[in-house]
Every structure is written in structure tokens, then in C-alpha cells.
1. Could you tell me which residue of the stretch 85-135 is nearest to the chain's Cα centre (by Cα), considering only residues that are under 12 Å from PHE71 (Cβ atoms) and among the β-branched types (Val, Ile, Thr)?
2. Conditions: (1) more than 19 Å from GLY28 (Cβ to Cβ); (2) among the charged types (D, E, K, R); (3) in contact with a helix residue (DSSP H, G or I) (Cβ under 7 Å, 6 or more places away or on another chain). ARG59 meets all but one. Number of the miss?
3. Could you look through the stretch 18-30, keep only residues that are touching a residue at least 12 places away in the same chain (Cβ under 8 Å) and farther than 19 Å from VAL80 by Cα, and pick out the one that is surrounded by the fewest Cβ atoms within 10 Å (Cβ to Cβ)?
4. Examine the stretch 39-48 for a residue that is surrounded by 17 or more Cβ atoms within 10 Å (Cβ to Cβ), in contact with a Lys or Arg (Cβ under 8 Å, 6 or more places away or on another chain), under 21 Å from GLY101 (Cβ atoms) and not hydroxyl-bearing (Ser, Thr, Tyr), and state whether such a residue exists.
5. Let me spell it out: the conditions are (1) over 20 Å from GLY28 (Cβ atoms); (2) surrounded by 14 or more Cβ atoms within 10 Å (Cβ to Cβ), and ASN124 meets all of them except one. Which number is the exception?
6. Only one of (1) hydroxyl-bearing (Ser, Thr, Tyr); (2) within 24 Å of SER17 (Cβ to Cβ); (3) surrounded by 15 or more Cβ atoms within 10 Å (Cβ to Cβ) is not met by SER87, so which one is it?
7. So which residues in the stretch 1-25 are under 16 Å from ILE123 (Cβ atoms) and out of contact with any helix residue (DSSP H, G or I) (no Cβ under 8 Å at 6 or more places or on another chain), if there are any at all?
8. Could you tell me whether the stretch 47-58 includes any residue that is out of contact with any strand residue (DSSP E or B) (no Cβ under 6 Å at 6 or more places or on another chain), among the aromatic types (Phe, Trp, Tyr) and in contact (Cβ under 8 Å) with a residue 24 or more places away in the chain?
Amino acid sequence: MPYDVEKPDEQWRAELSPSEYAVLRQAGTEPAFTGEYTDTTTEGVYSCRACGAELFTSRTKFASHCGWPSFFDPKETDAVELLEDRSHGMVRTEVRCARCGSHLGHVFEGEGYATPTDQRYCINSVSLRLTPAEG
């Protein structure tokens, strides 16, 4: 699928740190409980670290205690794309940035979280950049 932001692999490697590149461009996962936004309660907007697209807001972030920042809904329905992921002997739903195709994490449903959507977007901190709300 063509994305609004497409760059050669060499350019992604030059613009992203090794850990950002491993997650965003190679669908890696940062270790649980190590990301800078895991427990953050700062109000604001979470954007894609690769292209700057606004993905999630602090209003939909919740404490899932799973080791990664969790959200129950994206900022806009078309901010992310969902793809079937059959890696590692599992069937999961991968979450990617709809603007650049970068890997963000996975979404899980029906886990019993008391959220309006009963979904948990489990997102790597390294794939996000938080812009705090003004005021």
C-alpha cells in the first residue's frame, strides 16, 4: 500500500535511532516496562516518531499494567491501519501508522478492560512522541 510518507530504507536508518528503527521499520518490540511513556499521565497528543502523524491522545490512554503504553482508541479512525500478524506462532492484529506504515504495536480485544471500546492498543513508547497540551 502506498503511504503519504515514503522514504528509502537508508533515509529511515539515518533519521531514526537504532532502537527506533528496530521497532518502527522492522516491527520489533521494546522490552516491557522500559519505555518512556509506559506510566506517563501527561495530557497531550502522541504522534508517530517517524513521520509526526497524530495517532493517540492522553484522553484514551489508560493504565493497563502490561508494560507498554495502552490506549483504547486512536485519535482518528484513519490514523492507524490494522493488519493481521501471524508472526511468532500467534495470530494478532498489528497497528501501523497510516501515514508512513511504521510499526507501532498491536491491538487486543475482549481482555476485560473497563474501557469504552474493550480494546487495548498496546504501543511501543519508542514509536511515539508526546506533545504536551498547552495550558
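We did not get these values from a lab; they are worked out from the coordinates using the rules stated. These numbers come from a predicted model, not from an experiment. Quick reminder, even Gly has a Cβ in these numbers, built from the backbone with ideal geometry, and neighbours come from all protein chains shown.
1. ILE123
2. (3)
3. If we take residues in the stretch 18-30 being touching a residue at least 12 places away in the same chain (Cβ under 8 Å) and farther than 19 Å from VAL80 by Cα, then SER19 is surrounded by the fewest Cβ atoms within 10 Å (Cβ to Cβ).
4. Scanning the stretch 39-48 turns up at least one residue that is surrounded by 17 or more Cβ atoms within 10 Å (Cβ to Cβ), in contact with a Lys or Arg (Cβ under 8 Å, 6 or more places away or on another chain), under 21 Å from GLY101 (Cβ atoms) and not hydroxyl-bearing (Ser, Thr, Tyr).
5. (1)
6. (3)
7. Residue satisfying the conditions is ALA22 alone.
8. no
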